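The values are calculated or read from the model by the stated rules, or taken from the named source; none is laboratory data. Just so it is clear, the model here is predicted, and its values are computed rather than measured. With ideal geometry, Cβ positions are generated from the backbone for all residues, glycine too; neighbour counts draw on all protein chains shown. With ligands, DNA and RNA removed, areas are computed over all heavy atoms of the protein, side chains included. Shrake-Rupley method; radii C 1.70, N 1.55, O 1.52, S 1.80 Å.
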Amino acid sequence: MTSKLFEQHHGSLPIVISFPHSGTVLPDSLRDRFTAAGRAVPDTDWFVPELYQRCLERLDVSTLIATHSRYVVDLNRPADGSALYPGRIESAVCPTETFGGEAIYAAGHELSNAEIPTRIGRYWRPYQLALAAERDRILAAHGRCLIWDAHSIRSRSPRLFEGELPELNLGTYSGRSAAAALVARVSERLRAQQRFSHVVDGRFKGGHITRSFGVPARNVHAMQLEIAQRAYMSEDGAPQFDSQRAAPLSELIEQVLAALAAATD
C-alpha cells in the first residue's frame, strides 16, 4: 500500500490540475474500523486522472493527484468544518457517512473529534501546501496561474441534489474565483458542443480549493469541473473505466484546457 499522499508533476504551462478525490487508499488502521460500505469507497471520483490522460499527454500542465480516499480526509472541504452550501447535506472534512447515508465506521469504532486535527495535519495540510507551492512556482514563472479542480460524481444522489445532474458542472464560486474572460472561454467551448449537457455555477459552485485559491486580483484563477459519471463510465455495477465512452469527453477537456492555456499565455 502506498504511503505517498499524492503524485505530482511540475509542468511548463501556467495551469495546475488538482485531483483531490480520485484516491482509494485506506490506511490499514482505518480499513479495520470501516463498514463494508466504507471500505468500498463508493464516493470516489472514479478514474478522473484516466479521463484527463489525453490532455496530460498533449499539454504540459502541472498535476497534483491525491492517493488516499476522501474518507480519510476530504481535501476539498474547509479544515474548520464550515459549510460550503449552508442548509444542504454535504460531506464533512472527515466523513462519517457515504453520500447514500450509510455509516462509514462500524459500531464501536466511530470517528472521535480528537482524531480530526491529526488527520488534517497528516493528510489535508500537505496537499494544500503542495498546491500553494505549485501556484507560487507558476506565478513566479508566468505571472499568472490557473487552478483547475477535477471531480466527478454519480449522476443521481438524492441526498445531495434533486433529479439528474447535468453532465458538465463548471463552478467558479459565482464568478468570484476566476476572471470573467477565462470563464467565458470555457463557457464558449461548452456551448459550442452538443453532446454533453452543462451548467455554470449550478448545484456545484466549487469547493474549498476553488474558493480559497481563486483570487483573480492576484492573477490566480480557480475553477472546478464536476462531471456526472454517466458521461464517461457505467454507473451500474463495479466501477470500470470505459475508454470508448470517455473518448469524446477526454477530447473536449483537452480542447477546453488548451483554450485556457492560450488565454493565460
Exercise. List every residue pair whose Cβ atoms sit under 6 Å apart, with the two residues 6 or more apart in sequence or on different chains, where the first one lies in the range 141-161 and is more than 15 Å from Lys205 (Cβ to Cβ) and modelled with pLDDT of 95 or more and the second, anywhere, is open to solvent by 10 Å² or more (accessible area, probe 1.4 Å) and of a type in the set (Lys, Arg).
Key: Cys145/Arg135; Ser155/Arg230
Practice problem: Mind telling me which of the residues Ala92, Ala140, Ala103, Ala107 ends up being open to solvent by 30 Å² or more (accessible area, probe 1.4 Å) and in contact with a Lys or Arg (Cβ under 7 Å, 6 or more places away or on another chain)? | Solution: Ala92
Quiz item: For Asn113, are the conditions met, namely being more than 21 Å from Ser18 (Cα to Cα) and not in a helix (DSSP H, G or I)?
Solution: yes
Practice problem: Can you work out which of the residues in the range 159-207 that are assigned to a helix (DSSP H, G or I) and charged (D, E, K, R) is farthest from Thr264 (Cα to Cα)? | Solution: Arg191
Quiz item: What are the residues in the range 62-92 that are in contact with a helix residue (DSSP H, G or I) (Cβ under 7 Å, 6 or more places away or on another chain), β-branched (Val, Ile, Thr) and under 21 Å from Phe213 (Cβ atoms), if any?
Solution: Thr63, Ile65, Val73
Practice problem: Take the residues in the range 1-48 that are in contact (Cβ under 8 Å) with a residue 60 or more places away in the chain, within 21 Å of the chain's Cα centre (by Cα) and in a helix (DSSP H, G or I), then tell me which one is farthest from Pro126 (Cα to Cα). | Solution: Gly38
Practice problem: Answer yes or no as to whether Leu129 is open to solvent by 70 Å² or more (accessible area, probe 1.4 Å) and either at pLDDT 95 or above or not aromatic (Phe, Trp, Tyr) (or both). | Solution: yes
Quiz item: Of the residues that sit in the range 125-144 and are touching a strand residue (DSSP E or B) at 6+ places or on another chain (Cβ under 9 Å) and basic (Lys, Arg), which one is farthest from Ala263 (Cα to Cα)?
Solution: Arg137
